[in-house]
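Since the structure comes first, as structure tokens, the remarks are kept for the end.
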Amino acid sequence: MHEENKAAANGCGKIRSGAQNGAALLALMEKTGYSMVQQNGQRKFGGPPPGWEGPPPPRGCEVFVGKIPRDMYEDELVPVFERAGKIYELRLMMEFSGKFIGVCVSLDNCRLFIGAIPKDKKKEEILNEMKKVTEGVVDVIVYPNATDKTKNRGFAFVEYESHRAAAMARRRLIPGTFQPWGHTIQVDWADPEKVVDEETMQRVKVLYVRNLMISTTEDKIKAEFNKFKPGVVERVKKLRDYAFVHFFHREDAVAAMSIMNGKCIDGASIEVTLAKPVNKESSWKQHFNGQISPSSENLLGFPNKEDGTQKSLGKPASLSVRLNGQHSPSPPEVERSTYPIFPGIKLTPISMYSLKLSHFSSAVMHLDYFCHKNSWAPPEYCLYSTTSQDGKILLVYKVLISSIADDSQSYFMPEKLCTTVEDAKELAAQFTLLHL
């Protein structure tokens with residue numbers, strides 16, 4: 001047996017409080033022929049297994065298993081998982097919980113979100129900078145500013161050749177250790193893009209168009225997409241610098257996508273893709289993963305669910321990504337349960353800004369947290385009202401965001417009115433977060 005295998009097994013034996021446990025692992029390796037090494041806070045069993053030929057299994061073949069009991073190790077885990085099929089590799093982390101295990105598809109994430117990038121930097125500059133300090137860079141995705149196409153939006157996505165390359169890059173780029181262009185950047189995992197099955201996508205007849213000028217009208221977009229074949233566009237819904245173009249027939253949508261992608265409208269080079277269907281169980285937190293919640297979908301004026309459309313802004317996957325929140329690639333939903341306060345429990349005063357973003361469920365709190373983390377002044381809400389034809393009072397908030405650093409100000413106001421103050425404020429906060 002290789003010396004590194006013995007070291008891994010014997011080392012584990014000490015951690016597992018018994019030489020007999022180390023012997024159990026040695027016996028497992030002798031029986032299976034798999035190797036075992038310990039590095040970077042985890043033990044790797046296999047990868048590849050004995051006699052393996054060809055490339056490693058493709059993405060999508062890995063599952064994540066959580067909440068493994070503290071006293072359970074490879075000699076017990078391997079027989080359990082082998083019931084499902086041949087194991088290529090098993091990686092065991094060094095910290096475990098004591099609850100029932102949970103199993104889900106592993107996110108083989110190869111993309112990082114990089115925030116707080118100077119807005120005057122071009123794609124080539126960001127790509128070269130990332131290649132200087134990290135390995136395995138495949139591409140950099142940079143989106144132009146909504147109002148000034150010569151600038152970026154202050155963030156970018158860096159695509160790596162493998163999940164390992166992305167993980168090593170994330171460690172290398174942790175804020176404070178690397179300051180490109182003299183700036184402290186924000187680094188975290190970008191949630192993977194939503195995967196829609198091919199059968200569903202074959203039915204989509206709506207195009208998502210991004211990088212439009214703010215001044216470009218729905219009528220102008222409709223006219224441009226009707227040029228290649230008059231009368232094929234059913235309707236257009238534009239929101240700030242992106243739009244949904246609905247076609248009567250799918251074949252016309254596909255043809256228009258091929259023709260219009262990269263075309264110039266009002267001086268802006270547009271990007272055109274098929275819109276992805278909406279996930280009916282999506283939540284507000286998934287705004288930044290290209291999904292709209294049922295409530296905000298109606299408020300913001302997005303297409304109905306039966307239209308089978310979904311925005312895909314390419315925004316960061318969640319606000320914790322934007323804020324460098326310490327979250328997993330697949331952040332959990334906000335837990336809304338209550339728990340009893342037992343006698344003797346110590347309660348400690350804390351600031352809301354010391355919490356993780358997963359503790360907040362409303363857009364109003366998210367926006368306040370976001371402003372604080374960026375050293376901006378708290379958001380200011382200005383309430384306006386009007387009266388509908390049937391006499392109802394309708395409300396809308398305008399939000400002022402002030403940057404303490406450069407004394408700049410930005411205003412944000414949704415194009416929808418609400419019947420309650422709470423809805424109006426929540427909508428205004430959602431709209432502001434979506435366009436920051």
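Sorting 348-357, 197-206, 423-432 by their mean Cβ neighbour count within 10 Å, with the most densely packed peptide first, gives 423-432, 197-206, 348-357. About its Cα centre, the stretch 185-241 has a charge dipole of approximately 500 debye under the convention of +1 per Lys or Arg Cβ and -1 per Asp or Glu Cβ, with nothing else charged.
The stretch between GLU198 and THR387, if pulled fully straight at 0.36 nm per residue, gains 63.4 nm over its current Cα-Cα span. Computed about the Cα centre, the dipole magnitude for the stretch 137-239 is approximately 340 debye when only Lys and Arg (+1) and Asp and Glu (-1) carry charge, each at its Cβ.
Send over the Kirkwood Rh of the stretch 21-91, from the inverse of the averaged 1/r over different Cα pairs, rounded to one decimal Å. Don't skip to the end; give the middle numbers.
Numbers: mean 1/r = 0.0761 Å⁻¹.
After inverting the mean inverse Cα-Cα distance, the result is 13.1 Å.
With +1 assigned to the C-beta of every Lys and Arg and -1 to the C-beta of every Asp and Glu, and no other charges, what is the dipole magnitude of the stretch 218-260 about the Cα centre in debye, to the nearest 20? Don't jump to the answer; show the numbers that get you there.
Working: 9 positive and 7 negative charges, 19 e Å.
For the stretch 218-260, the charge dipole is close to 80 debye.
Per-atom-type breakdown for the stretch 109-187 gives carbon and sulfur 47% of the accessible area (1.4 Å probe, protein chains only). Overall shape of the stretch 109-187 was characterised from the C-alpha gyration tensor. The equivalent ellipsoid obtained from it has semi-axes of 20, 14, 10 Å, in decreasing order.
The values are calculated or read from the model by the stated rules, or taken from the named source; none is laboratory data. Treat the numbers as computed from the prediction; the structure is a model and nothing was measured. As a convention, Cβ positions derive from the backbone with ideal geometry for all residues, glycine included, and neighbour counts pool all protein chains shown. We work out accessible area using only protein heavy atoms, side chains counted, and drop any ligands, DNA or RNA first. Shrake-Rupley method; radii C 1.70, N 1.55, O 1.52, S 1.80 Å.
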